[in-house]
Amino acid sequence: MKPFPKIPSQGHHPHPLKFLHNWKFIPIFLGLSYILYCRLASQPIFAHPLPQHTGPYAVGAVDIEYPVSNPRLISPLRFKTTETPAFALDTVLFTLYYPTTYAAAKSNHNRHAWVPHPLPLRAKGYAKAAHISNAFTDALFTFAIKALAGSITIPAAVDAPLSGTATRESKFATSWDKEETKQQVLQGEESGHPVIVFSHGTVSSRTDYSHFAGELAARGYVVVTMEHRDGSCPGSVVAGWERLIFDVSEVEAVDGGDVNEETFHAAQLAYRQAEMEEAVRVVRMINEGLGGKVFKGNLRGEGKGLDEWKGRLNTDEMIVAGHSYGATGAMQALKGGVTRERPFKGAIILDPGKQSGPLNRDIHVPMLVVHSNSWSSHSSIFYGRAHFDTVKEIVEENNARGNPSWFMTSLGTSHPSVTDAPLLEPFLLSFTTGATIDVYQGLRQYVHVAEDFLAFLGDGNARGLLAEKAEFPQYDAGTGLGMWKPGQGDDQQAWEEKGEWWDWRSYWQIHVSAAGPSDKE
């Protein structure tokens with residue numbers, strides 16, 4: 001075979017990609033190529049779009065900022081620099097995520113931004129939380145957040161009508177008893193959509209848990225996601241005034257004296273509880289036929305269809321939920337039992353705080369406590385003893401009082417796994433937090449177990465994971481994510497017949513169960 005003839009030289013023309021022969025230029029080339037792709041595809045440069053919800057319903061959303069019934073001081077603490085009250089309660093702010101029809105969602109193209117406006121306020125709050133806030137870093141954070149997530153929107157139709165019927169079967173709802181999904185949805189509609197009040201963690205806001213809340217809304221629940229103005233939100237607008245995150249070092253007593261951490265946390269938790277009570281009041285107003293009044297008084301200008309929500313919510317028996325500091329606040333809201341202001345018949349507690357003050361033990365309703373893998377595996381001393389042991393004891397005590405309760409660890413997850421962050425930045429979050437589970441599977445597991453607990457509150461039947469006994473009195477790092485193989489220790493044929501969720505040990509360790517301890521202990 002003759003060699004290919006040489007092409008006559010036309011002069012020296014370096015190859016356009018010759019610079020790639022130097023490895024130092026490869027990251028630059030790849031980065032520029034990725035940015036070009038994102039621009040052409042109309043995608044944010046780094047963050048992934050939030051996925052669509054998967055339940056029988058589409059999801060609607062309404063922002064509500066409404067004046068409180070009685071403007072008041074929750075705590076006398078004041079800011080050092082201005083001597084103005086730090087914990088004055090004037091309005092309450094939350095987002096309602098609720099079920100709507102797919103037809104309504106498809107025809108409504110209005111969506112909330114994932115990073116609430118004004119974006120510079122939120123960026124300054126993040127910089128302040130990192131203790132590096134100044135004109136340069138604030139501008140840098142604003143640029144970075146705009147590039148990372150500025151174009152991200154929440155896949156929920158703003159001001160869509162509240163749905164009365166499910167419009168399609170769920171993709172993977174209900175977790176272990178899928179055939180019961182439709183019945184549960186229909187039963188929920190008959191008695192009114194159940195209401196969940198959700199409290200966020202520190203350096204978070206009402207949008208940080210939008211997908212978890214949306215997945216529950218897609219299953220027929222109305223989820224009230226709070227935005228707390230207790231100093232824990234990076235930045236929030238209160239009746240037109242900007243309010244930044246703040247900590248104990250910025251406040252003082254009325255006499256000018258110093259304030260300790262415990263006093264500060266007590267003031268924050270009291271403020272959060274007052275906000276939740278006000279949110280309950282507003283949701284009750286909507287259910288009682290005063291949706292039009294709420295719409296007119298809503299400082300965010302949304303909710304034009306709220307007058308059609310009359311009598312369609314179950315506001316007599318609500319559920320409280322929270323993550324991290326929000327979990328501590330949710331437990332605090334259960335103190336003293338069910339009241340008119342706090343009609344919470346159950347609680348979902350996710351990673352209760354390790355540095356947010358004592359955890360309330362005065363609980364008299366069923367409770368589901370879920371630790372992420374990182375929360376259980378990292379031992380922390382909490383008021384003289386292990387945090388894990390404190391949480392376990394609280395759940396055991398509640399069971400002993402006749403309130404079915406569970407405590408478990410979600411394997412492979414990290415503290416942010418229930419938030420939107422891993423969905424937006426899966427590779428970055430896995431690298432920085434140590435999460436090993438697929439981000440979608442991790443959040444899916446949280447939705448599954450929450451769904452089963454919510455169904456239990458409705459009919460009293462423990463299904464799926466809740467029907468299992470506690471096999472792990474302590475967290476066991478030796479049986480982590482992926483180490484349990486299908487059929488190990490169980491009947492293989494039964495596992496094959498019952499499907500993937502029969503193999504629950506691949507994803508969970510149960511430490512306390514209302515079904516009691518395992519015979520294997």
Counting only protein heavy atoms and leaving out ligands, DNA and RNA, the solvent-accessible surface of Glu468 at a 1.4 Å probe, in Å² to the nearest 10, equals 50 Å²
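Dipole size in debye (nearest 20) for segment 236-305 around its Cα centre, Lys and Arg Cβ +1, Asp and Glu Cβ -1? Please list the in-between numbers first.
Values: 8 positive and 13 negative charges, 184 e Å.
Roughly 880 debye for segment 236-305.
Among Lys146/Lys354; Lys128/Lys335; Lys354/Lys469; Lys106/Lys304; Lys146/Lys296; Lys106/Lys146, which pairs are too far apart, with a Cα-Cα distance over 21 Å?
On the way: Lys146/Lys354 32 Å; Lys128/Lys335 33 Å; Lys354/Lys469 27 Å; Lys106/Lys304 18 Å; Lys146/Lys296 32 Å; Lys106/Lys146 27 Å.
Among Lys146/Lys354; Lys128/Lys335; Lys354/Lys469; Lys106/Lys304; Lys146/Lys296; Lys106/Lys146, the Cα-Cα distance tops 21 Å for Lys146/Lys354; Lys128/Lys335; Lys354/Lys469; Lys146/Lys296; Lys106/Lys146.
Where a ≥ b ≥ c are the square roots of the eigenvalues of the C-alpha gyration tensor, would you call segment 262-301 rounded, which needs a/c under 1.5, or, failing that, prolate if a/b is larger than b/c, or oblate? Intermediate values should be presented prior to the final figure.
On the way: a/c = 6.77, a/b = 2.50, b/c = 2.71.
Oblate.
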Rounded to the nearest whole number, the per residue volume of the convex hull around the C-alpha atoms of segment 335-453 in Å³ is 116 Å³
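Counting Lys +1, Arg +1, Asp -1, Glu -1, what net charge surrounds Ala123 among other residues with beta carbon under 11 Å of its beta carbon?
On the way: positive: Arg122, Lys124, Lys128, Lys146; negative: Asp138.
After counting each charged neighbour, the total is +3.
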Quick tally, 1.4 Å probe accessible area for Lys128, Lys469, sorted with the most first, runs Lys469, Lys128
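Quick one: what do you get for segment 73-165 if you divide its Cα Rg by 2.2 N^0.38 Å? Intermediate values should be presented prior to the final figure.
Working: Rg = 18.5 Å, N = 93, 2.2 N^0.38 = 12.3 Å.
Ratio of Rg to 2.2 N^0.38 Å for segment 73-165: 1.50.
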For 444-454, 287-297, ranked highest to lowest by mean beta-carbon neighbours within 10 Å, the order is 444-454, 287-297
Taking R0 as 22 Å and r as the Cβ-Cβ distance between Thr436 and Asp389, the FRET efficiency 1/(1 + (r/R0)^6), rounded to the nearest 0.05, comes to 0.30
Taking a ≥ b ≥ c as the square roots of the eigenvalues of the Cα gyration tensor, with a/c under 1.5 meaning rounded and otherwise prolate when a/b exceeds b/c and oblate if not, segment 300-342 is oblate
Relative contact order of segment 392-435 (C-alpha contacts under 8 Å, at least 6 apart) in percent is 28 percent
With all protein chains present and a 1.4 Å probe, the order of Asp351, Asp247 from largest accessible area down is Asp247, Asp351
The distance between the Cα centres of segment 204-230 and segment 297-368, in whole Å, is 12 Å
Note on segment 184-287: alpha-carbon gyration tensor, axes a ≥ b ≥ c; rule is a/c under 1.5 for rounded, else prolate if a/b larger than b/c, else oblate; result prolate
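The values are calculated or read from the model by the stated rules, or taken from the named source; none is laboratory data. Small disclaimer: the values here were computed from a predicted structure and weren't measured. Neighbour counts run over all protein chains shown; Cβ positions are idealised from the backbone, glycine included. Only protein heavy atoms, including side chains, enter the accessible area calculation; ligands, DNA and RNA are left aside. Shrake-Rupley method; radii C 1.70, N 1.55, O 1.52, S 1.80 Å.
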